[in-house]
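The values are calculated or read from the model by the stated rules, or taken from the named source; none is laboratory data. Please read these numbers as outputs of a predicted model, since none were measured by experiment. All Cβ positions, even for glycine, are placed from backbone atoms using ideal geometry, and neighbour counts span all protein chains on display.
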Amino acid sequence: MDDLPKFKKHKDEDLKQKKISDRGSMLKSVRISGVLAGVFLILSLLFNGTEFFFEGITTKYIQKDVLYEILDNTIKVSVIVFSFVFMMVSLGNYKEFTGKPVKFKEILFLFCLSIVQTIRSLIVFIFTLIVLAIVIFYLYVIQEG
Amino acid sequence: MKKKNSKIILFLIVFNLLFLLNFLTLNGCAAVESFEPEHGLAPEIDGEIDTSAKEWENASKEEINIIGTNPTDKGIPTSIWVMQNNSDLFISVQFELETHNPQEFVGIMISSSKSESNSSFTDVKIVQFNDLSIAYQNYRFYDYYVIDGVFYLDQETNGDGAAKLDGNKIIYEFRIPINESVDDKDVTLDFGEIYAFKIIYGEGSVNTNTNKKINIITIEIEYPPKEPTNIWILVHNILGIIIFMGLGAIFGLYIYKIVVIKRKYRKKVSG
């Protein structure tokens, strides 16, 4: 009977250790996904915010062709979407770390930050809007699940 | 008094000589026309002027007389058309003759500057006929360089040329690259500079031709026209800068928050 409190103490210490480890990996995830979001934000600045935008990197340096134009727009949409996804993951973990849920207005804010990057092209705007809507819907379904 | 008069006369003679030197061109004749060509769509160099494709529409057009060395020579009245785009200078030489020599040629000698002395013309583009008749028009484009008045064939051809006889009228077309030379034997035409061009008509080989006729023109290579600033692009650029600066600031704030929370967490764990 004397062993029982000892066992409980061990269990508590294990749980505490596990909690510290979980929080540590959560913080690591916040950092890594935050850095990745930053990398894609810089790529988005290059593709969507600079003079490359007007001619497109592939159409300027490889070939002026419809296929390459599609590739150009795909790159532009992809960097915005990846930036949004990693930012979302980072923010989600950050909020979980601080013990608060991600609010809808915060998701909306991130969504607006992503959409505003498409200011220079209607095509990029439309496709980014569609893809982001799908991503948010998917995250909502996962959350509900 | 006599001494003073002779000094004045001597001064006037020297002054007059200096004044006349301004009009003297060494070993050559002065340019008859100066061109400042407009930019336009590149014509196809085929000896034909396709008006439906608006070829040579923006060309500067002048009439000159290509004359021989014989003072009694009446010369050939010739139309010179000059235009350019961002990469090439285009020159068309057009004239009518009652009978064309089967081995006639037209050449464009390019001076390395606006100097019109013979030694300055070192690069030559020539369209040479081997057999010229209405039925059979066999010609070739040659790129020569000149040393001491002798024409040598440049193995690396730079530019293009073509010709076509239609009735009595013949049209020669030349394309000379701007800001580009294949080797050091070519004259590199730079934007904003004036160059002298010698138009030569000849019969037979370029080195042993007879009935040679020439005249000189000058062409100023015009800079590409500046496109007017599109206000919509300007607005986009400014908005783009503001948006991405804002995004950068928000992201920086977020990274700062991560750093702060990481510090707090480390303190908590170590404490």
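Annotations
- Boolean, A:Ser114 is of a type in the set (S, T, N, Q), within 11 Å of chain B (Cβ to nearest Cβ) and surrounded by fewer than 20 Cβ atoms within 10 Å (Cβ to Cβ): no
- Checking B:Val206 against (1) surrounded by fewer than 16 Cβ atoms within 10 Å (Cβ to Cβ); (2) in the same structural domain as B:Phe129 (by TED's automatic domain parsing); (3) at pLDDT below 85; (4) not in a strand (DSSP E or B), the condition it does not meet: (1)
- Failed item, numbered, when B:His236 is tested on (1) within 10 Å of chain A (Cβ to nearest Cβ); (2) within 30 Å of B:Glu38 (Cβ to Cβ): (2)
- The C-beta contact set for region B:242-266 (first residue facing chain A (nearest Cβ under 9 Å) and over 19 Å from A:Met88 (Cα atoms), second residue surrounded by 15 or more Cβ atoms within 10 Å (Cβ to Cβ) and among the hydroxyl-bearing types (Ser, Thr, Tyr), distance under 9 angstrom, 6+ apart or interchain) is empty.
- Odd one out for B:Gly252, checked against (1) more than 30 Å from A:Ile80 (Cα to Cα); (2) surrounded by fewer than 19 Cβ atoms within 10 Å (Cβ to Cβ): (1)
- Matching residues in region B:222-249 - criterion: being among the polar types (S, T, N, Q) and surrounded by 12 or more Cβ atoms within 10 Å (Cβ to Cβ): B:Asn237
- Members of region A:40-61 found to be in contact with a helix residue (DSSP H, G or I) (Cβ under 6 Å, 6 or more places away or on another chain), more than 13 Å from A:Ser121 (Cα to Cα) and at pLDDT below 75, listed by number: A:Thr58, A:Thr59
- Odd one out for A:Ser90, checked against (1) within 14 Å of chain B (Cβ to nearest Cβ); (2) closer than 21 Å to B:Ile241 by Cα: (2)
- Every residue from region A:63-87 that is surrounded by 22 or more Cβ atoms within 10 Å (Cβ to Cβ) and within 12 Å of chain B (Cβ to nearest Cβ): A:Ile80, A:Ser83, A:Phe84, A:Met87
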